[in-house]
Amino acid sequence: MAPERLLRGLVLQALYGIRSERLLCEQLHYNMLFRWFVGLAMDEVAWDHSTYSKNRDRLIEHDAIRALFGAVVEQARAAGLLSDEHFSVDGTLIRAWASLKSFVPKDGPPPERGGSARNPEVDFRGQRRRNDTHASTTDADARLCAKGERAGAIPAYVGNALMENRSGLAVDGEVALGGGQAETRVGLNLLGRLRGRRRRTVGADKAYDNAPFVDGCRELNVTPHVAQNAYTYTTASGTTARRESRIDGRTTRHIGYRLSQTVRKLIETLFGDGKQHGGTIRQVKLRGLDKVQQAFTVALLATNLRRLPRLLAAAAAAPA
C-alpha cells in the first residue's frame, strides 16, 4: 500500500469528521470525491480498514505525517504568511481510549469487580487514585488529568500546540503524558525547536506563569508574554498570603504584551476545530503515546489546510 494514499485518507478523515477508519474505507467504495483525492481509479478496489492498523507503525517509524505537516507549514512560509517573531503556546486535554475503571493499583490486589465481564462494576469509593500509584490496564500511557482544580480527573493525554500569531496557523505540536508541569515542559520544547535564536515573543495563559517556563523562555531569547497569575489566598495556618506573578511591569507596560494577550486566545480555535469539526482529538480511538501524537498532528494539519486557502487568497489580493 502506497503511504501517500494512507496519508490522504487520514487527512480526509480529519477534514470531514469521519468517526473511524472503518467508515472512511466504506466511503471510499462509493464517494467519487474521496476516491479522486486518495488516487483510486474508478475500477480499483478500495483498501480494507485493517490496512491502517497494519501500517500505522510504519507511518510512525518514518515520521510521515510530521513530514507532511512540515511541508504545509513551509508552503505558508514561502507565501509570506508566517513571521519568525511572535507566537502563542497552549495545551489541551485529549481524552484517552480508556475508562476510569481501568485504573488499578500498580502494587497490591486490584479492586473487586462485579457485573458483566465486558463492563464490570467497580467500587472506588473511599479510594484515592493517583498516577504514581495507579495505572490503566487498557492504555498504559494514559494519565489521570484535570484541566482545572474543580474539574474531575479523566484518563487523558496533553496535546500542546505552537501557533504563529500573524496567520493563526499551527507551526508545531507535541503530545505529552499528563501530570506535573507537562504543558510547561513541552511548551519550552516547542520554542526550542524554532529556527535560529533571534528575539521572539510568546503569548500564553496563566498556567504558564511559573518560574520554569518564564526562566526557560528567557534562556531561549524569548520574551514571555504570559498572563499574570497573582492572587491572595489563605494558608493552612489561617494567615493571608499572596502569590506573585513572574511577569512584572517591565513586560506588561509594552503594547506588544497586550497584543500578544489578545491574539494568543486564537490558539483555542486550533483545539476547537480538532475536537468539534474533526472530532479526532476529542477522544482518540488509539492507544499509546506515539499513535495519539500521530492523531494530534493530523488534526493540526487539517486545521491548517482549512485556513490556508483564505490566507493565500488574501495575500494574492493584497496590493504589491
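The values are calculated or read from the model by the stated rules, or taken from the named source; none is laboratory data. These numbers were taken from a predicted model, which means no experiment stands behind them. Ideal geometry is used to build each Cβ from the backbone, glycine not excepted, and the neighbour counts take in all protein chains shown.
Any idea which residue in region 175-191 is nearest to Gly152 (Cα to Cα), counting only those that are modelled with pLDDT of 90 or more and of a type in the set (A, V, I, L, M)? The extreme case among them is Leu177. Does any residue of region 206-226 turn out to be at pLDDT below 90, among the β-branched types (Val, Ile, Thr), touching a Phe, Trp or Tyr at 6+ places or on another chain (Cβ under 9 Å) and closer than 24 Å to Arg193 by Cβ? The answer is no; no qualifying residue exists.
Scanning region 13-34 for residues that are surrounded by 14 or more Cβ atoms within 10 Å (Cβ to Cβ) and farther than 21 Å from Ile65 by Cβ yields a total of 2.
You will find that of Ile65, Ile18, the residue that is in a helix (DSSP H, G or I) and either touching a helix residue (DSSP H, G or I) at 6+ places or on another chain (Cβ under 7 Å) or within 28 Å of Ala161 (Cα to Cα) (or both) is Ile65 and no other.
Against the numbered list (1) surrounded by fewer than 13 Cβ atoms within 10 Å (Cβ to Cβ); (2) touching a residue at least 60 places away in the same chain (Cβ under 8 Å); (3) aliphatic (A, V, I, L, M), Ile267 comes up short only at (1).
Here Ala204 passes the criteria (1) assigned by TED's automatic domain parsing to the domain that holds Arg306; (2) among the aliphatic types (A, V, I, L, M); (3) surrounded by fewer than 22 Cβ atoms within 10 Å (Cβ to Cβ) except the one numbered (3). Pairs are defined by a Cβ separation below 7 Å, a sequence spacing of at least 6 or placement on different chains, a first member in region 301-320 that is within 12 Å of Ala79 (Cα to Cα), and a second member that is of a type outside the set (S, T, N, Q); the pairs so defined are Leu308/Ala76; Leu311/Leu81; Leu312/Ala79; Ala315/Ala79; Ala315/Gly80; Ala315/Leu81.
Among the residues making up region 100-159, those that are surrounded by 12 or more Cβ atoms within 10 Å (Cβ to Cβ), modelled with pLDDT under 70 and among the hydrophobic types (A, V, I, L, M, F, W, C) are Val122, Phe124.
Yes or no, residue by residue, for (1) in the same structural domain as His225 (by TED's automatic domain parsing); (2) surrounded by 13 or more Cβ atoms within 10 Å (Cβ to Cβ); (3) closer than 25 Å to Arg195 by Cβ:
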position	(1), (2), (3)
Arg5	no, yes, no
Trp36	no, no, no
His49	no, yes, no
Asp90	yes, yes, yes
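Scanning region 161-182 for residues that are closer than 12 Å to Val292 by Cβ and either polar (S, T, N, Q) or not in a loop (DSSP other than H, G, I, E, B) (or both) yields Gly173, Glu174, Val175, Ala176, Leu177. In this structure, does Ile65 turn out to be more than 30 Å from Arg193 (Cα to Cα), within 20 Å of the chain's Cα centre (by Cα) and surrounded by 17 or more Cβ atoms within 10 Å (Cβ to Cβ)? So Ile65 does not fit the description; no.
Candidates Ala241, Ala317, Ala299: the one that is crowded, with 18+ Cβ neighbours inside 10 Å and small (Gly, Ala, Ser) is Ala299.
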